Amino acid sequence: MYQPAITGTGVFTPTESISNDELVVAFNAYADKCNAENAAAIEAGEMAAMEHSSSEFIFKASGIERRYVMDKTGILDPDVMHPSLRQRGDDEPGIMAEMAVDACNKALAQAGISAGDIDLVICAASNLERAYPAVAIEVQNLLGTGGFAFDMNVACSSATFGIQAASDMVRAGSVKRAIVVNPEICSGHLEWRDRDCHFIFGDVCTAVVIEREADARGAIFTILSTRCATQFSNNIRNNNGFLRRSRPSGVVDRRDMQFMQNGRKVFKEVVPMVSAHILAHMADEGISPDRIKRLWLHQANKSMNDFIGKKVLGRVPQTEEQPNILQDYANTSSAGSIITFSKHSSDLQDGDIGVICSFGAGYSVGSVLVQRA
Ligand code: COA
């Protein structure tokens, strides 16, 4: 058995971003347009008028101030209301693979190794751009890694589930060095016309290099232990898929073909599930809350994270103990906890212990206990 460690991380951040104010202007213009087009039906009481969104609500309900996206022009056009991403030819790199290569190269540089040293690529993300060939295999090809590659999807928990899969393989010796990459184009599966959720997501890609601790150069994070759990729920759901697409009824405009959630229920059910999961994981590893120096939590909602942090530490965490990137990136699905880990971990001291935790649709929750070495 070998001791696995995280030796590098990388973040690809899109160049375009949308502030809450910009988003709300576009949404409200769309709502006004819909209301004007349906004035008679609204007047007759056959349909409800669309209500305006508000920046104040968005910030207060979620903690989000802005989000990065791969294309803001389409999203902010009231006649479009989704990203306008060019359909790539089959003989050119896919958009997810392109983001992934950028994040992977940053993670490889931090680890001080080259792509040829990697013998496993896992592409773990909420929505993959195609069924096959695996995006991971395309990334393997573009980077020039050896070994094998595969895709996996556990929605917002994909990164931690991927880290568990990769670190178990490194531990067992079936691979020597792995990279787990999370390209998240959430803007492509968000319903930008739905006031209840149009502000939630952003785009990004993260990558994590995992190898044997004994092979590492420089400061690393030893992976002490990982734990994953799932429990079925329909409260976060996206019905998009090839079987659904073949149905004759309204392909483009079916609401269930994009992200849907019962946000209140998610909030109520996921918070206790996640805090109990982390606490049980720590207890089984003999780690008491006072030894936790940092929580790198999934970034979906600030209040949710505040609840979880308080429950896990048994007190209100200091800002630096539970950093957030939500205000700048919004919810980036599986990548959120890894962005936070990547940007807020280098100051930890030798021996410091922290928890990376992601959670979301499924329901699913994954925790990774790491120690600075
Ligand atoms: N602008 C202004 N008002 C809005 C609004 C918007 N964009 N969206 C909703 N509202 C209104 C609602 O109509 C409602 O009004 P009412 O009280 O008069 O009926 C009120 O604000 C509260 O709406 P609600 O949906 O209950 O808000 P909330 O406080 O639950 O916050 C979420 C919404 C989505 C931010 C919150 O539930 C959440 O974060 N849940 C967890 C989400 C999550 O983690 N999902 C996982 C995704 S991977």
What value, in deg cm²/dmol to 500, does the helix sum -39500 (n - 2.57) over DSSP H runs of n ≥ 4 give at 222 nm once divided by the residues of the chain?
-10000 deg cm²/dmol
Quick one: 3J(HN,Hα) in Hz for region 266-283, Karplus 6.51/-1.76/1.60 with θ = phi - 60°, rounded, Gly and Pro as x.
4, 3, 5, 8, 7, 4, x, 4, 6, 5, 5, 4, 5, 4, 5, 4, 4, 4
19 Å cut-off, amide nitrogen to a point 7 angstrom out along GLU129 Cα→Cβ, residues in region 5-21
11-17
Quote the FRET efficiency, to the nearest 0.05, computed for SER303 versus ASN141 with a Förster distance R0 of 51 Å and r equal to the Cβ-Cβ distance.
0.75
Quick one: what are the phi-derived ³J(HN,Hα) couplings along region 46-58, Karplus 6.51/-1.76/1.60 with θ = phi - 60°, whole Hz, x for glycine and proline?
7, 8, 8, 5, 6, 8, 6, 8, 8, 4, 4, 4, 4
Here the gain from full extension of ASP215 to GLN318, 0.36 nm per residue of separation minus their alpha-carbon distance, amounts to 33.7 nm
Stretchable slack from GLU43 to LYS311, in nm (0.36 nm times residue separation minus alpha-carbon distance):
91.6 nm
ASN240 versus THR73: modelled label distance in nm, points set 7 Å from Cα along the beta carbon direction
2.0 nm
Region 115-185: antiparallel DSSP beta bridges as a percent of all, rounded to 5
0 percent
With every protein chain left in place and a probe of 1.4 Å, what is the accessible surface of TYR329, to the nearest 10 Å²?
10 Å²
Which peptide among 366-373, 284-291, 270-277 comes first, and what is the full order, when sorted by highest mean count of other Cβ atoms within 10 Å?
366-373, 270-277, 284-291
Protein accessible area in region 222-372, 1.4 Å probe - carbon and sulfur %
51 percent
ASN153 and LYS265 label points (each 7 Å along its Cα→Cβ direction) are spaced in nm at 2.1 nm
Keeping every protein chain present and rolling a 1.4 Å probe, give me the accessible area per residue for region 222-372 in Å².
45 Å²
In debye, nearest 20: dipole of region 222-372 around its Cα centre with unit charges on the Cβ of K, R (+) and D, E (-)?
760 debye
Determine ³J(HN,Hα), in whole Hz, for all residues of region 142-153 in sequence, where each value follows from phi through the Karplus function 6.51 cos²θ - 1.76 cosθ + 1.60 and θ = phi - 60°; x replaces Gly and Pro.
5, 7, x, 7, x, x, 9, 8, 7, 9, 8, 9
Just to verify a number: FRET efficiency for GLN3 and ASP90, C-beta to C-beta distance, R0 = 41 Å, to 0.05?
0.50
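The values are calculated or read from the model by the stated rules, or taken from the named source; none is laboratory data. Computed from a predicted model, the values in this text were never measured in an experiment. Neighbour counts are summed over all protein chains in view; Cβ atoms, including those assigned to glycine, are modelled from backbone coordinates with ideal geometry. The area values use the complete protein model at the heavy-atom level, side chains included, leaving out ligands, DNA and RNA. Shrake-Rupley method; radii C 1.70, N 1.55, O 1.52, S 1.80 Å.
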